[in-house]
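The values are calculated or read from the model by the stated rules, or taken from the named source; none is laboratory data. Small disclaimer: the values here were computed from a predicted structure and weren't measured. Here Cβ is always computed from backbone atoms with ideal geometry, including for glycine, and neighbour counts include all displayed protein chains.
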Amino acid sequence: MNGTLQRKTDLDTPCLVLDLDILDQNLRKMQALTERAGKRLRPHAKTHKCSLLARRQMEIGAIGICAAKVSEAEALCRAGIENILITGPVVTKQKIARLVALRAKAPSLMVVVDHPVPIDLLSAALGDQGLTMDVLLDVDIGLHRTGVSPAESSAPAELSAPAELSAPNGVINLADHILAHSNLRLRGIQAYAGQVQHIHSYNDRKNGSHQCLQKATGIFHALQTKVPTCTVFSASGTGTSDIDLDIPELTELQAGSYACMDAEYLAIGSAEDNSRFTAFGPALRLLTTVVSVNQDGYVTVDAGLKALYRDGAVPQIINPEYAGLQYDWFGDEYGRVTGSGSVGMPPLGAVLELVTSHCDPTINLFDRYYVTQGPEVVDTWSIDLRGCSQ
Ligand SMILES: Cc1ncc(COP(=O)(O)O)c(C=O)c1O
């Protein structure tokens, strides 16, 4: 902590605070659940965007960290984080050059692939530098965003489709394509079912996730018999983490949001209580001040679209004295807080504490977390992966 000790009430707003005790409970709980199931945890940094937090996850037992983009991986690497997996396709020649430069510094770096063209480009760029690289085959298990459709994997294994095809090849064909490049090592698969993570009913989410992952398990077995180095089955998110740990083939979880949490996740059902998600607590909060009280029926606060991403669930006001009041966006700079029932409206200057709508893109709006323990600000952590969209 630089400078003198601050109290949470001294912080200017809008700002993000991370409750250290809740954060550590979340980190330790996910780590323990994963280890108890005999699996590994490679948390996704796309949520917290903070290399200090990533380091904390590694110290608690994570085997590595996931990054969504090359630029996130570069920032993690600069901070000395090892075993980074880039979970999105790297396609442009500029990013392939950056990926290879990063691989030169980080031998344990892995990336997912889902198409022969970037595989060829990556292999050629690695070859120019005399480097090799581990890759995971990205399997599309229903999100239809990236990855190869498992339905296409029934094609004969000996068929290697030409690289110029615009549609992705079947999984086995693509595996053959990877194997044809001696400087690429196929280490396994990624199968992320983003579309089921926020299904409200626990049982529906469980059935949905198992159906999706089932599509990937057959592929994983097929690849394992063909490719001895294929030992990684990386999947899952916060919403299905406890569910997916039951899948024998899965080797590692990629969950991200569990560290910070948000209103969108807190609203889904859990095994214990189908009305709310009980596994992880809201470590991340947004502080916002009442800056105008001159209207009837509502007050205006200083956090709008520039401070709170408008996606996901409605943000929750958690100050006990104002619980029940509702936040809504009121332009770029402001929010509107309306009352209901007997809860009194906050006065000018009152600071409200909100659980954010969707944590990842909200975090992307700030430079730092103020890390708090009770009323004290005990540290500030740079959100050093902020804005890493490339
Ligand atoms: C590929 C991938 N893996 C894992 C995650 C983590 O999911 P969650 O934040 O729901 O835990 C995400 C989130 O978007 C993702 O895109």
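Quick notes on this structure:
- Which listed residue, of Thr278, Thr289, is crowded, with 17+ Cβ neighbours inside 10 Å and more than 19 Å from Ala62 (Cα to Cα): Thr289
- Of all residues in region 29-49, those that are under 16 Å from Tyr369 (Cβ atoms) have Cβ atoms under 6 Å from Cβ atoms of residues that are of a type in the set (Lys, Arg), 6 or more apart or on another chain, in Lys49/Arg386.
- Count of residues meeting criterion [of a type outside the set (A, V, I, L, M) and in contact with a strand residue (DSSP E or B) (Cβ under 7 Å, 6 or more places away or on another chain)] in region 109-155: 9
- Count - residues of region 248-288 that are without any contact (Cβ under 8 Å) to a residue 40 or more places away in the chain and either hydrophobic (A, V, I, L, M, F, W, C) or within 29 Å of Leu85 (Cα to Cα) (or both): 4
- Selection of region 114-137 for residues being out of contact with any Pro (no Cβ under 7 Å at 6 or more places or on another chain) and within 16 Å of the ligand (Cβ to nearest atom) yields Val135, Leu136, Leu137.
- Scanning region 212-225 for residues that are touching a residue at least 12 places away in the same chain (Cβ under 8 Å) and out of contact with any helix residue (DSSP H, G or I) (no Cβ under 7 Å at 6 or more places or on another chain) yields a count of 4.
- The C-beta contact set for region 168-191 (first residue at pLDDT 95 or above, second residue among the aromatic types (Phe, Trp, Tyr) and within 16 Å of the ligand (Cβ to nearest atom), distance under 6 angstrom, 6+ apart or interchain) comprises Gly188/Phe233; Ile189/Phe233.
- Ser201 being within 12 Å of the ligand (Cβ to nearest atom), within 30 Å of Ala313 (Cα to Cα) and either at pLDDT below 95 or of a type in the set (S, T, N, Q) (or both): no
- Residue match in region 145-160 (condition: at pLDDT below 95, in a helix (DSSP H, G or I) and within 22 Å of Thr229 (Cβ to Cβ)): yes
- Elements of type helices (runs of 4 or more DSSP H) in region 28-92, at least 3 residues being over 15 Å from Gly256 (Cα atoms), touching a helix residue (DSSP H, G or I) at 6+ places or on another chain (Cβ under 9 Å) and more than 16 Å from the ligand (Cβ to nearest atom): 70-78
- Across region 289-325, the qualifying residues are those that are more than 30 Å from the chain's Cα centre (by Cα) and touching a residue at least 40 places away in the same chain (Cβ under 8 Å), and the one among them that is farthest from Asp19 (Cα to Cα) is Gly297.
- For region 354-380, filtering for residues that are of a type in the set (Phe, Trp, Tyr) and surrounded by fewer than 19 Cβ atoms within 10 Å (Cβ to Cβ) leaves 1.
- Residue, farthest from the ligand (Cβ to nearest atom), within region 336-368, restricted to residues that are touching an Asp or Glu at 6+ places or on another chain (Cβ under 8 Å), touching a residue at least 60 places away in the same chain (Cβ under 8 Å) and of a type in the set (Val, Ile, Thr): Val355
- Checking each residue in region 179-206 for being buried (at least 18 other Cβ atoms within 10 Å of the Cβ) and within 25 Å of Gly127 (Cα to Cα) picks out His181, Leu184, Leu186, Arg187, Gly188, Ile189, Gln190.
- Filter result (away from the ligand (no atom under 14 Å from the Cβ) and of a type in the set (S, T, N, Q)) within region 204-230: Asn207, Gln211, Gln214, Thr217, Gln224, Thr225, Thr229
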